[in-house]
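Below is one structure, written out as structure tokens, with a few remarks after it.
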Amino acid sequence: MNVAARIAGTAARHDGEDALVRSLLAGIAVFRWLAWGWAAVLLVVNRDALRESPARPWLALALVGAALLVTAATTALLATAPARLLTLPLVAVEVAVAVALEMGDELAYNGVSHPQSLSSAWPLAGVLTAGIAFRARGGVAAGVTIGVGRGLGELLGPGAWAGRDTVGVISSIVLYALAGLVAGFVTARLREAERRISLAQAREEVARTLHDGVLQTLAVVQRRTGDPDLVRLAHEQERELREFLFGTPGSIGGGGDLGTRLRAAAARFEDRYGGTARVALAPDTPALPERTVDALAGAVGEALANAGKHGRAGRVTVFAEPVDGALFCSVKDDGAGFDPAATPDGAGLRVSVRGRIAEVGGRVEVDGNPGRGAEVRCWVPTGP
């Protein structure tokens, strides 16, 4: 079961990440074409400047043509082999063309005044791709490299280096580096979110397949066999399977996961008293504040301990659902029971159950019948 679940989870995760990366690369491909189109428009708009001496129109055409080749090639690879777009050689080629565009602007116009840079926005596509391929560090490195390319163009150009050139180069380096940083950071977060969603979907699929068959079979084995070792083994396997399907205690950090905390309390009851504890939460159970979760989990744990210690219960059901703006939680057992009217509250019930729930603004009811089990009912607010 564990191997099959891991395989299913791995396959789902890889499929989800591949789809995510393809969608990001498709968006960058659209941006790359639009940016190249704008560069081509600028080339036409600035044609008079390129005709003036000592401009080099052939260099401008060559650079825009190289950008077109990269744009077309990456689009073709996106349709056939998108993973290759994230390899170091292809990313390096695109970044190199972007650096050439930044350097070539000064060299192509060669001192002739022109209103807009030849490179335009096209180099950003390489920065974004590097961020996706090599995370934030790769994006920042690509951005700094392209920004430095502009500085080299200013140094190699015919004009003398001026203060405004320093500001322009530094601004380019910072903006490109920030673009790479954001691209890498966002991609990493999206991949993590996609991984969590894929794992949840894989677990849900396994749960649908195994819940009705395997869990019911293990329950039948526990009821019908007289071998205590077999009962214990079936019970352990049933609990492990339930933990996998519905959440392993401690698998989610923080005190905000009520289901995990209640299942942990149920597992402790089963280990200590040998009974069976079922935990069921309504699908629309809201997330509770950490303090409320701590109080409710502690109260349920004490109620389970009372059911095992004093009631000698063999089966306990813990159920929770939202009711009229509050969360209702019931701990019902099949133990010896008692008469609440004739039995004063013990220290555990008074302090650990009523006291905890009262501290978070809730209330508690205790019901029981001798020989018919007992039930502890709690209501806690769902807000702070």
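Taken together, the values in this text are just the output of simple stated rules run on the coordinates, not laboratory data. Treat the numbers as computed from the prediction; the structure is a model and nothing was measured. Cβ atoms come from the backbone with ideal geometry, glycine included; neighbour counts cover every protein chain shown.
With 20 Å bins beginning at zero, the pair-distance distribution over Cα atoms of the chain amounts to 22, 32, 22, 19, 6, 0 %. Here the spin labels are modelled as points 7 Å beyond Cα on the Cα-Cβ line, and at residue 382 and residue 342 they lie 4.0 nm apart. Between residue 178 and residue 287, the FRET efficiency from the beta-carbon distance, with R0 = 30 Å, is close to 0.30.
Translational diffusion of the stretch 116-190 was estimated from the Stokes-Einstein equation, with Rh taken as the Kirkwood radius over Cα pairs; at 25 °C and 0.890 mPa s the coefficient is 196 µm²/s.
Each principal axis of the Cα atoms in the stretch 262-313 has its own extent, and those three values, largest first, are 32, 21, 15 angstrom. Positive end of the charge dipole of the chain (Lys, Arg +1 and Asp, Glu -1 on Cβ, about the Cα centre): tell me which of 169, 231, 99 has its Cα farthest that way. Checked the options; the winner is 231.
Dimensions of the stretch 2-194 from C-alpha coordinates, computed as largest minus smallest value along each principal axis and given longest first, are 72, 32, 22 Å. Specify which residue in the list 44, 70, 124 is farthest towards the positive end of the charge dipole of the stretch 39-136, using unit charges on the beta carbon of Lys, Arg (+1) and Asp, Glu (-1), about the Cα centre. It is 70, whose Cα lies furthest towards the positive end. Please report how far the C-alpha centroid of the stretch 86-157 lies from that of the stretch 305-332, rounded to the nearest whole angstrom. Taking the Cα centre of the stretch 305-332 as reference, the centre of the stretch 86-157 is 64 Å away. Along its first, second and third principal axes, ordered by size, the stretch 166-205 spans 58, 6, 5 Å in Cα coordinates. Among 36, 122, 58, the largest mean-square fluctuation in a Gaussian network model of the chain, built with springs joining Cα atoms closer than 10 Å, belongs to 58.
In a reduced charge model with +1 at each Lys and Arg Cβ and -1 at each Asp and Glu Cβ, the stretch 61-192 shows a dipole moment near 460 debye about its Cα centre. Within the chain, antiparallel bridges make up roughly 80 percent of the DSSP beta bridges whose residues both belong there. Legend: P(r) of the stretch 47-134 from all alpha carbon pair distances, 5 Å bins from 0, whole percents, reading 3, 15, 24, 21, 14, 10, 8, 5, 2. For the pair residue 232 and residue 18, a Förster radius of 30 Å applied to the C-beta separation gives a FRET efficiency near 0.10, rounded to the nearest 0.05. Full extension of the chain segment joining residue 328 with residue 69 gains 86.8 nm, where the gain is 0.36 nm per residue of separation less the Cα-Cα distance.
Size of the stretch 245-384: Rg and Dmax of its alpha carbons, in Å, are 14.1, 42.
Is there a quick way to get the dipole size of the stretch 254-381? I mean about its Cα centre, with the Cβ of Lys and Arg at +1 and of Asp and Glu at -1; what is the value in debye to the nearest 20? Kindly include the intermediate steps, with their values, before the conclusion.
Working: 16 positive and 17 negative charges, 70 e Å.
My answer is approximately 340 debye.
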